[in-house]
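*Asks:* Structure incoming, see below.
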Amino acid sequence: MINFKTIKSELFPEYLLETKGGFDRFSLLKDAEISTENFSFYTSVSSVYSSKIEGVEIDLDSYIKHKNLGIEFKPDYTKKIDDLYKAYTCAKENNLSQENLLIAHQILTENILKPYLQGVYRKTKMYVLTDQGQIEYVATSPFEVENEMEQFFIELNVLLTENLEIEEVFFYASLLHLAFVKIHPMNDGNGRLARLLEKWFISQKLGAKAWFLQSEKMYYQNHQNYYQNIRKLGLDYENLNFNNSLNFLLMLPKSLNTK
């Protein structure tokens, strides 16, 4: 299992050097003027771009018109993004826990997975394939998924109780994102849920301004580097080297510069 403390001792000093002074902009984050009590512009941005990373064809402008102005499109065009929007809303209203993360997964996969696969850990093998159909990553054994996730949340709960500086919050948020993707515990929706988890953790530690981060948009705009940096850790879960994760960890702070 990933040991966050060990990873921090190895990578955090260089992370601090690379990100020095880069977190001041967090305090300046604010909601968009277009947001209302019933509509969140930045939740729409998160939902659209996190979906686009997974290959969903959706235009932000069209989705804003759908969500804010009630303009109707064909259901297939908006329903998966609507589900992810609901999952982000659920996260905003609840504490980060294993139970609530599984509820968020159930919500965001309503139009992706069969009901019996929503909100539960997978029981089958899991591979990540290239566009050419080649296996590029072998995830955690299905026999180990529940144990890995139990340990994952033990470490996460420790982090939630510790007093962390903003640099540490961003560092660990990225590690949680990366570790979750590498465990790949769900039958589908792992990437969407990992990006939600990352922001959820930041909000628990630093407050509601976290929901105004445009991290999903930044990842989409740099999606080739995003996937390349994830691949740097290795080809299978049992032999991952988290000492190679610095390039991935340095991506999240860049979202503070996203306009």
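Coordinate-derived values only; no laboratory data. None of the values given here were measured: they were computed from a predicted structure. With ideal geometry, Cβ positions are generated from the backbone for all residues, glycine too; neighbour counts draw on all protein chains shown.
*Asks:* Write out the GluC sites (Glu not before Pro) in the range 44-80 meeting two conditions: DSSP loop, and at most 13 other Cβ atoms within 10 Å of their Cβ. Don't skip to the end; give the middle numbers.
*Replies:* Numbers: sites: GLU54, GLU57, GLU72; in loops: GLU54, GLU57, GLU72.
Answer by residue number: GLU57, GLU72.
*Asks:* Equivalent ellipsoid semi-axes for the range 112-189, as square roots of 5 times the alpha carbon gyration tensor eigenvalues: give them largest first, rounded to whole Å.
*Replies:* 27, 16, 11
*Asks:* Something else now. Taking the beta-carbon count within 10 Å as an exposure proxy, list PHE143, PHE171, PHE73 from fewest neighbours to most.
*Replies:* Taking fewest neighbouring Cβ atoms as first place, the list is PHE143, PHE73, PHE171.
*Asks:* Set the Förster radius R0 to 41 Å, insert the Cβ-Cβ distance between PHE73 and TYR116 as r into 1/(1 + (r/R0)^6), and round the FRET efficiency to 0.05.
*Replies:* 0.90
*Asks:* Which whole-angstrom value gives the distance between the alpha carbon centres of the range 23-37 and the range 53-124?
*Replies:* Comparing the Cα centres of the range 23-37 and the range 53-124, I get a distance of 23 Å.
*Asks:* How high is the relative contact order of the range 17-76, in percent, with contacts defined as C-alpha pairs under 8 Å that are six or more residues apart?
*Replies:* Across the range 17-76, relative contact order equals 22 percent.
*Asks:* Here's another thing I want to ask about it. Quick one: how many lysine pairs in the range 22-135 have C-alpha atoms under 21 angstrom apart, if they're 8 or more apart or on different chains?
*Replies:* Lysine pairs meeting both conditions in the range 22-135 amount to 25.
*Asks:* Could you work out the relative contact order of the chain? I mean the mean sequence separation of Cα pairs under 8 Å and 6+ apart, divided by the number of residues, in percent.
*Replies:* 26 percent
*Asks:* For n ≥ 4 DSSP H runs only, could you compute -39500 (n - 2.57) per run for the chain, divide by its residues and tell me the 222 nm figure to the nearest 500?
*Replies:* Computed mean residue ellipticity for the chain: -17000 deg cm²/dmol.
*Asks:* Here is a follow-up. Can you tell which of LEU249, LEU69, LEU240 shows the greatest fluctuation in a Gaussian network model of the chain with Cα springs below 10 Å?
*Replies:* Comparing LEU249, LEU69, LEU240 in a Gaussian network model of the chain, the most mobile one is LEU69.
*Asks:* Using only C-alpha positions, report the orientation-averaged shadow area of the convex hull of the chain, nm², one decimal.
*Replies:* Computing the convex hull of the Cα atoms and averaging its projections yields 13.4 nm².
*Asks:* Which one, ASN222, SER35, SER245, is farthest towards the positive end of the dipole of the chain when Lys and Arg carry +1 and Asp and Glu -1 on their Cβ?
*Replies:* SER35
*Asks:* Please go through the range 121-162 and write out the GluC sites (Glu not before Pro) that DSSP classes as loop and that have at most 11 other C-beta atoms within 10 Å.
*Replies:* Counting only loop positions with at most 11 other Cβ atoms within 10 Å, the GluC sites (Glu not before Pro) in the range 121-162 are GLU162.
*Asks:* So if we plug the beta-carbon distance of LYS123 and SER9 into 1/(1 + (r/R0)^6) with R0 = 35 Å, what FRET efficiency do we get, rounded to 0.05?
*Replies:* Rounded to the nearest 0.05, the efficiency is 0.50.
*Asks:* I would also like to ask the following. Sort THR78, THR6, THR89 by Cβ crowding within 10 Å, fewest neighbours at the top.
*Replies:* Ranked by crowding around the Cβ, least crowded first: THR6, THR89, THR78.
*Asks:* Please work out how much length the chain gains when fully extended from ASN163 to SER141, using 0.36 nm per residue of separation minus the C-alpha to C-alpha distance, in nm with one decimal. Mind dumping the intermediate values first?
*Replies:* Values: separation 22, 0.36 × 22 = 7.92 nm, distance 3.38 nm.
Residue separation times 0.36 nm, minus the Cα-Cα distance, leaves 4.5 nm.
*Asks:* In debye, nearest 20: dipole of the chain around its Cα centre with unit charges on the Cβ of K, R (+) and D, E (-)? Write down the numbers at each step before the final one.
*Replies:* Working: 28 positive and 34 negative charges, 78 e Å.
Around 380 debye, computed over the chain.
*Asks:* What residues have an amide H closer than 5 Å to that of GLU136, excluding those fewer than 5 places away on the same chain, when H is modeled at 1.01 Å from N in the peptide plane?
*Replies:* Correct list: VAL128, LEU129, THR130.
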